[in-house]
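So the structure is just underneath, and the comments pick up after that.
The values are calculated or read from the model by the stated rules, or taken from the named source; none is laboratory data. The structure displayed is predicted, hence computed values, not measured ones. In this analysis, Cβ positions are derived from the backbone assuming ideal geometry, glycine residues included, and neighbour counts consider all displayed protein chains.
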Amino acid sequence: MSDIKTLIKQSSHYFVGQAAILAAGFLSFPILTRIFSVSDYGLMSLVTTTLFIAVAIVKFGIPNSIVRFYAEYKAADKLPLFFSTLFLGISGFAILAGVCFILAIQACKGLFHDENLTILLTIAALLVVTSCLSDVLMSFLRAEQRTKLYNVFAIVRRYVTLASGIAFALYLIKGVKGFFLGQLLTGTSILVVLLFVFRNNLELRRENVSKEIFTTSLRFGFPLVWAEFGHLLLNYVDRYLIQFYLGAAALGMYTAGYNLATHITEVLICPLNYAMTPIYMSILVKKGKKETKEFFTNIFTYFLMILLPVIFGSIAVGRDLISLLASTKYLEAYKILSYIIVGQAVYACTIILNNGLFINKKTYIYNNIMIITSIINIILNMILIPHSGITGAAQATLLSYIIFAVIITFYSFKEFSFRIDFHRILLYAGSSLLMFFAVKSTIVGSSLLNILVQVVVGIVVYITAVVLLDGEIRRTLLTAIANANNRRA
């Protein structure tokens, strides 16, 4: 099997795994919003966000180094040294970070004004340790190209930790504390299973630790932490500022709207993100820049052909969707949905627009823009939240995403530009707007019935408008119909 076929095959494995993980987030959304109060849902969001950020920092980019250097150390017959050095190194960092995290929580607990938050953050400190070690071991699965086993662990980890957390919260230790204790128990169990899988690699002796290997891995991986940290900061810093200015109830309302928008857009973003890179790199290597630019033009056009009606449609049915999935106690979240989902759509476009920086290996520019935009986001939130509440936070998010998209596109197109088909994109935007008004004017009854009928109306109106107005789509459709008739004949 050629290298390209191997790459495509393994990419498909990761795609299936990511799709299953995304589905878990969407399925758990209506459960979590119902079993927790608005305030508890806000606290859960704040602790989860803190956990994401802490794990990203404490790993020091070592998972990236594992994937990058594994083949080299395997060829040099130094895998036991490589494995032991990185696992022990991250173990030490993670335990030290967990202890420092707990000490910092105790020192600052007077600022939280909530004893529950102190307890939850302490549990999160323990989760940092187990999550970091599990991520490192799973990175070895990626490096060894054991994609199916990696997927099994990733999916099981996501679903079982969620199920365990929900079960604890409902039946054993009620509330958010039980949710995170259930996740801690399951996370520890999965770590033990991973250690069993790698039991033959665990030659954890002092002579199997190399300062040179650890230094080289840190030098490669740590700069990449800033890109991930900037991404998390851009997406989640508003949670802390809402908690500070408005409290847990407002945070819960904001998080519900934000999470719903994220679940909708990630269904489109993640498959594209995982599948696109190996394809365009193959085209670039085999056919050159001209064909690669044409590929980007087409993929951007067709991506917006799907993304635009999803965004307009989600806004149109958003109120009923929140009522159905999250319950009527979160209806106030509807006022931020349009800002967040449009912002997420703008950010989704950068997945295609920023590829010039990756093609020409200028990722440091991406990192710098991400950090600068995150700082702008913090300033905007500090200005808008006191003035407009959670709507201000949503507006700050939208503005930050627009600023990020404009700057990243400018620098990326200096490296590798492609034609944007504005005529067809405007056609899709107009068709989506027509669909929006058709959906909004369709009201038949309950939330569920409304959504079902509105979705059907929206699909029919949008497809009809696109087929009538877009000559290329119409020709493609007619050709497909003719080919199907010929095959039947």
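Every residue, every condition in (1) at pLDDT below 85; (2) of a type in the set (A, V, I, L, M, F, W, C); (3) buried (at least 19 other Cβ atoms within 10 Å of the Cβ); (4) out of contact with any helix residue (DSSP H, G or I) (no Cβ under 8 Å at 6 or more places or on another chain), yes or no:
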| site | (1), (2), (3), (4) |
| --- | --- |
| 202 | yes, yes, no, no |
| 246 | no, yes, yes, no |
| 256 | no, yes, yes, no |
| 270 | yes, yes, no, no |
| 283 | yes, yes, no, no |
| 290 | no, no, no, yes |
* **Lone qualifier among 384, 308 - being modelled with pLDDT of 85 or more, crowded, with 19+ Cβ neighbours inside 10 Å and over 21 Å from the mean Cα position of the chain (by Cα)** => 384
* Filter result for residue 60 (of a type in the set (Phe, Trp, Tyr) and at negative phi) -> no
* Asked: How many residues, within the range 421-452, are more than 31 Å from the chain's Cα centre (by Cα), surrounded by 12 or more Cβ atoms within 10 Å (Cβ to Cβ) and of a type in the set (Ser, Thr, Tyr)?
  -> 1
* Structure fact -> Those residues of the range 409-420 that are under 23 Å from the mean Cα position of the chain (by Cα) and surrounded by fewer than 22 Cβ atoms within 10 Å (Cβ to Cβ) come to a total of 1
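Go through 455, 461 for me and flag whichever is surrounded by 18 or more Cβ atoms within 10 Å (Cβ to Cβ), among the β-branched types (Val, Ile, Thr), over 17 Å from residue 349 (Cα atoms) and in contact (Cβ under 8 Å) with a residue 12 or more places away in the chain. Steps first, answer last, please.
Working: 455 fails: surrounded by 18 or more Cβ atoms within 10 Å (Cβ to Cβ).
Just one listed residue meets the conditions, 461.
Give 145, 106 a once-over and let me know the one that is out of contact with any Lys or Arg (no Cβ under 7 Å at 6 or more places or on another chain), polar (S, T, N, Q) and assigned to a loop (DSSP other than H, G, I, E, B). Give the steps one after another, and end with the answer.
On the way: 106 fails: assigned to a loop (DSSP other than H, G, I, E, B).
Answer to the selection: 145.
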* To do: Report the residue count in the range 119-158 for those that are surrounded by fewer than 17 Cβ atoms within 10 Å (Cβ to Cβ) and closer than 16 Å to residue 24 by Cβ.
  => 2
* To do: Answer with yes or no whether residue 135 is modelled with pLDDT of 85 or more and acidic (Asp, Glu).
  => yes
* Structure fact -> When the range 55-101 is checked residue by residue, the ones that are surrounded by fewer than 16 Cβ atoms within 10 Å (Cβ to Cβ), at pLDDT 85 or above and not polar (S, T, N, Q) are 92, 95, 96, 99, 100
* Of the conditions (1) closer than 23 Å to residue 227 by Cβ; (2) among the polar types (S, T, N, Q); (3) touching a Gly at 6+ places or on another chain (Cβ under 6 Å), residue 49 clears all except one; give me its number. => (3)
* **Single residue of 190, 173, 155, 166 found to be modelled with pLDDT under 90, at negative phi and within 29 Å of the chain's Cα centre (by Cα)** => 155
* Which of the residues that make up the range 430-452 are within 15 Å of residue 319 (Cβ to Cβ), of a type in the set (Gly, Ala, Ser) and either free of Cβ contacts under 8 Å to residues at least 40 places away in the same chain or not in a helix (DSSP H, G or I) (or both)? -> 441, 445, 446
